[in-house]
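Visitor: Take this structure, written in structure tokens, and hold onto it; I'll ask about it next.
The values are calculated or read from the model by the stated rules, or taken from the named source; none is laboratory data. Model, not experiment: these values are computed from the prediction. Cβ placement follows ideal geometry from the backbone for every residue including glycine, while neighbour counts extend to all protein chains displayed. To get the accessible areas, we keep the full protein, side chains included, count just its heavy atoms, and leave off ligands, DNA and RNA. Shrake-Rupley method; radii C 1.70, N 1.55, O 1.52, S 1.80 Å.
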Amino acid sequence: MMETFLYLIAEGFKNLWREKLSVFASIFAISIAMSFVVFGGITGQDFSRIIKVARSQYELQVFFSPVISDSEASRHVDEIIKIRGVKSANLVTKQEAAEIFEREFGENLFDLLRENPLPSSCVVKFDENVKKKFDVHPIVNQIKMIKDVEEVRYQGRLITIIERYYQGFFTIVTGIFVIILFGTMILIFNTIRLTIYSRRDLIRALKLVGATNRFVRFPFMVEGMIEGFIAAMLAGSFAYGFIRVSNYFLAVFTRYKIHWDWQVMWQFVGLMVLFSLIASRQAVRKFLK
Amino acid sequence: MIWFDNVTCTFVKGAGLFDATFEIEKGEFVFVIGPTGAGKTILLKLVYMEIFPEKGKVVVDKYNSSKIKQRQIPLLRRKVGMVFQEFELLSDRNVFENIALPLRVRGEKKREIKSKVYHVLDELDISNKASHYPSELSGGEQQIVSLARAIVKDPIVILADEPTGNLDPVSSFKILTLLEQINKEGTAVIMASHNYNLIKDRGHRFIEVVDGRVSG
């Protein structure tokens, strides 16, 4: 059993060599197409990291009515923390507000007015690990419904623009990824079909000597998987080159640098092998009756 | 061992085999003769169940064409050795690998494969050709390799479809002698041929196929 399995695996490798020209052409075409996917994936991952940093900077300030005490404000802050999408809410007491005022303007409010007219407030930060589009408005609306909240200040327009661009980028990269992946599957499917056609003498000989369908099909599936793996590794190398070149040019204009992510690379290789297996399996099922 | 029971199997324009009924015993040597296009190849294809009868049934060993399941066909073919006019050898594998193919399909161990292949190579006197590729062999030698591939799996019957069709008279005679030698060891042989001069006076049974009708 084990010897047969190893023999079939070896046959898969040998088939690659026997059909080296068409296999090379196919692997090259696939790897060029897939390198864009890896490049997009790595850049997307890097962009997501930047978005995360940006999201961690998003904050809004909630001002409570000046007539409520700090303890009442603290209770409202507890309510705000419970809102979905809120990471933290820190109370700024009337006293702390006066100290901030003094730090920024150099004047003591008690000296000027004999009282502290500043309201207590809180600074709200958001959960930056949101997978989908981040929308601040539902959170703001919920905060506004809390009793004694007088004003909510935030950079709504800026957040909306950042999120819109991020979503656009994400959608385009996903779209390209799906199209190229589909194209890759067709390429592998077609390569296996051509291989089956060119190996029809072997298939006939195998069937005549009593090979089961599984025995005949297995090497072709191995071949497809290896093709996918080699193409993925090549695509990764190309993408690595793109990124190095991109970083070289980016360094001229910005301090931004695309970071190479090995995790994304290995996930991609795994995905490619899986899709190659599916494509070759479909091809042998269709063309090897 | 092989039984054709009122078998009809047609191709386009009425060509094929019609109402064929005959039996071939274990260890028998049978020549299937007839002109080109008479239905000899169809008869052989029915035995290894590449095609199936529209009417009647073909029984080979315990396999019945009307009951056999798709997954049982490879098991039947492991018991049937085949030799073709065009040799059907794999050009990218050497003689050893070509002969070893049926044993690999059966999942035999490397050591067993080596021993069986070399035994057959010795028997057919082509041990010195083990590492040669088909393109490096003469037609006669290629057919001997094809024969070696057929017998290495120890079949119950060898089907030879015009095995001497592409060979010179000397090679043809050698192949026929080898088939007879194999038959003497107990393997049935069914050899289709239209070279009557070669096969007459060999003392074996004849089945004649003319226009799809079987006699003999």
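Visitor: State yes or no: is A:TYR165 aromatic (Phe, Trp, Tyr), in a helix (DSSP H, G or I) and more than 27 Å from A:ALA29 (Cβ to Cβ)?
Guide: Values: aromatic (Phe, Trp, Tyr): yes; in a helix (DSSP H, G or I): yes; more than 27 Å from A:ALA29 (Cβ to Cβ): yes.
The answer is yes for A:TYR165.
Visitor: Right, next: Just give me the residues in the stretch B:81-99 being outside any loop (DSSP other than H, G, I, E, B) and at the interface with chain A (Cβ under 10 Å from one of its Cβ atoms), in sequence order. Please lay out each step first, then the result.
Guide: Here is the first cut: in the stretch B:81-99, the residues outside any loop (DSSP other than H, G, I, E, B) are B:81-84, B:95-99.
Within the stretch B:81-99, B:GLY81, B:MET82, B:PHE84, B:ASN98 meet the criteria.
Visitor: Looking at the stretch B:61-80, is at least one residue among the polar types (S, T, N, Q), more than 14 Å from every other protein chain (Cβ to nearest Cβ), in contact (Cβ under 8 Å) with a residue 40 or more places away in the chain and assigned to a loop (DSSP other than H, G, I, E, B)? It would help to see each step written out before you state the result.
Guide: Here is the first cut: in the stretch B:61-80, the residues among the polar types (S, T, N, Q) are B:64-66, B:70, B:72.
Checking the rest, the ones that are also more than 14 Å from every other protein chain (Cβ to nearest Cβ) come to B:64-66.
Then keep just the ones that are in contact (Cβ under 8 Å) with a residue 40 or more places away in the chain; that gives none.
Checking the stretch B:61-80: not a single residue is among the polar types (S, T, N, Q), more than 14 Å from every other protein chain (Cβ to nearest Cβ), in contact (Cβ under 8 Å) with a residue 40 or more places away in the chain and assigned to a loop (DSSP other than H, G, I, E, B).
Visitor: Select from the stretch B:141-154 the residues that are away from chain A (no Cβ under 13 Å) and touching a residue at least 60 places away in the same chain (Cβ under 8 Å) and list them in ascending order. Don't jump to the end; show me each part of the working.
Guide: To start, the set of residues in the stretch B:141-154 that are away from chain A (no Cβ under 13 Å) comprises B:141-144, B:147.
Scanning the stretch B:141-154 gives B:GLN143, B:LEU147.
Visitor: Given the criteria touching a strand residue (DSSP E or B) at 6+ places or on another chain (Cβ under 7 Å), part of a helix (DSSP H, G or I), within 12 Å of chain A (Cβ to nearest Cβ) and surrounded by 17 or more Cβ atoms within 10 Å (Cβ to Cβ), does B:LEU43 qualify? Don't jump to the end; show me each part of the working.
Guide: Working: touching a strand residue (DSSP E or B) at 6+ places or on another chain (Cβ under 7 Å): yes; part of a helix (DSSP H, G or I): yes; within 12 Å of chain A (Cβ to nearest Cβ): no; surrounded by 17 or more Cβ atoms within 10 Å (Cβ to Cβ): yes.
Answer is no for this residue.
Visitor: Another one. Within the stretch A:86-113, track down each residue that is outside any helix (DSSP H, G or I) and either over 45 Å from the mean Cα position of the chain (by Cα) or among the acidic types (Asp, Glu) (or both).
Guide: Taking the stretch A:86-113 as the starting set, the residues that turn out to be outside any helix (DSSP H, G or I) are A:86-93, A:106-108.
Within the stretch A:86-113, A:GLY106, A:GLU107, A:ASN108 meet the criteria.
Visitor: Look at B:VAL105 and say whether it is touching a Lys or Arg at 6+ places or on another chain (Cβ under 8 Å), within 12 Å of chain A (Cβ to nearest Cβ) and β-branched (Val, Ile, Thr). It would help to see each step written out before you state the result.
Guide: On the way: touching a Lys or Arg at 6+ places or on another chain (Cβ under 8 Å): yes; within 12 Å of chain A (Cβ to nearest Cβ): yes; β-branched (Val, Ile, Thr): yes.
Against the criterion (touching a Lys or Arg at 6+ places or on another chain (Cβ under 8 Å), within 12 Å of chain A (Cβ to nearest Cβ) and β-branched (Val, Ile, Thr)), B:VAL105 qualifies.
Visitor: Out of curiosity, is B:LYS69 in contact with a strand residue (DSSP E or B) (Cβ under 8 Å, 6 or more places away or on another chain) and basic (Lys, Arg)?
Guide: Details: in contact with a strand residue (DSSP E or B) (Cβ under 8 Å, 6 or more places away or on another chain): no; basic (Lys, Arg): yes.
Criteria not met by B:LYS69.
Visitor: Let me ask something additional. Do we find a residue being at pLDDT 85 or above, among the β-branched types (Val, Ile, Thr) and either touching a Lys or Arg at 6+ places or on another chain (Cβ under 8 Å) or closer than 30 Å to A:ARG204 by Cα (or both) anywhere in the stretch A:251-270?
Guide: No, the stretch A:251-270 contains no residue that is at pLDDT 85 or above, among the β-branched types (Val, Ile, Thr) and either touching a Lys or Arg at 6+ places or on another chain (Cβ under 8 Å) or closer than 30 Å to A:ARG204 by Cα (or both).
Visitor: Scan the stretch A:144-159 for residues that are in a helix (DSSP H, G or I) and free of Cβ contacts under 8 Å to residues at least 12 places away in the same chain and jot them down. Before you say what the answer is, go through the steps one by one.
Guide: First, pick out the residues of the stretch A:144-159 that are in a helix (DSSP H, G or I): A:144, A:156-159.
Passing the criteria: A:LYS144, A:ARG157, A:LEU158.
Visitor: For the stretch B:118-136, name all the residues that are away from chain A (no Cβ under 13 Å) and in a helix (DSSP H, G or I).
Guide: B:TYR118, B:HIS119, B:VAL120, B:LEU121, B:ASP122, B:GLU123, B:SER127, B:ASN128, B:LYS129, B:SER135, B:GLU136, listed by residue number.
Visitor: Can you tell me which condition B:SER115 does not meet? The list is (1) surrounded by 15 or more Cβ atoms within 10 Å (Cβ to Cβ); (2) at pLDDT 95 or above; (3) not in a strand (DSSP E or B), and all the others hold.
Guide: Evaluating B:SER115 over (1) surrounded by 15 or more Cβ atoms within 10 Å (Cβ to Cβ); (2) at pLDDT 95 or above; (3) not in a strand (DSSP E or B) leaves (1) as the failure.
Visitor: Identify, by number, the condition in (1) crowded, with 21+ Cβ neighbours inside 10 Å; (2) out of contact with any strand residue (DSSP E or B) (no Cβ under 9 Å at 6 or more places or on another chain); (3) at pLDDT below 90 that B:ASN197 doesn't meet.
Guide: (1)
Visitor: Considering only the stretch B:155-187, state which residues are open to solvent by 40 Å² or more (accessible area, probe 1.4 Å) and either without any contact (Cβ under 8 Å) to a residue 12 or more places away in the chain or not in a loop (DSSP other than H, G, I, E, B) (or both).
Guide: Answer for the stretch B:155-187, where residues must be open to solvent by 40 Å² or more (accessible area, probe 1.4 Å) and either without any contact (Cβ under 8 Å) to a residue 12 or more places away in the chain or not in a loop (DSSP other than H, G, I, E, B) (or both): B:PRO169, B:VAL170, B:PHE173, B:LYS174, B:THR177, B:GLN181, B:LYS184, B:GLU185.
Visitor: Let me ask something else about it. Name the residues in the stretch A:1-54 that are among the β-branched types (Val, Ile, Thr) and either open to solvent by 40 Å² or more (accessible area, probe 1.4 Å) or over 33 Å from the mean Cα position of the chain (by Cα) (or both), would you?
Guide: So the first thing to find is which residues in the stretch A:1-54 are among the β-branched types (Val, Ile, Thr), and the list is A:4, A:9, A:23, A:27, A:30, A:32, A:37-38, A:42-43, A:50-51, A:53.
Scanning the stretch A:1-54 gives A:THR4, A:ILE9, A:ILE32, A:ILE50, A:VAL53.
Visitor: Now for a separate question. Suppose we filter the stretch A:103-133 for residues that are open to solvent by 80 Å² or more (accessible area, probe 1.4 Å) and on the phi < 0 side of the Ramachandran plot; how many remain? Before you say what the answer is, go through the steps one by one.
Guide: Start the filter on the stretch A:103-133 by keeping residues that are open to solvent by 80 Å² or more (accessible area, probe 1.4 Å), which leaves A:103-105, A:107, A:110-115, A:129, A:131-133.
From what is left, the residues that are on the phi < 0 side of the Ramachandran plot are A:103-105, A:107, A:110-113, A:115, A:129, A:131-133.
Count: 13.
Visitor: Please specify each residue of the stretch A:48-76 satisfying the condition of being outside any strand (DSSP E or B) and among the acidic types (Asp, Glu). Walk me through it before giving the result.
Guide: In the first step, residues of the stretch A:48-76 are kept if they are outside any strand (DSSP E or B); the result is A:48-58, A:65-76.
Across the stretch A:48-76, the qualifying residues are A:ASP70, A:GLU72.
Visitor: At least 2 residues that are crowded, with 17+ Cβ neighbours inside 10 Å, of a type in the set (Phe, Trp, Tyr) and within 14 Å of chain B (Cβ to nearest Cβ) in each: list the helices (runs of 4 or more DSSP H) lying fully within the stretch A:190-289 that qualify. Can you show your working first?
Guide: Working: elements: A:200-208, A:213-253, A:262-287.
By residue number, A:213-253.
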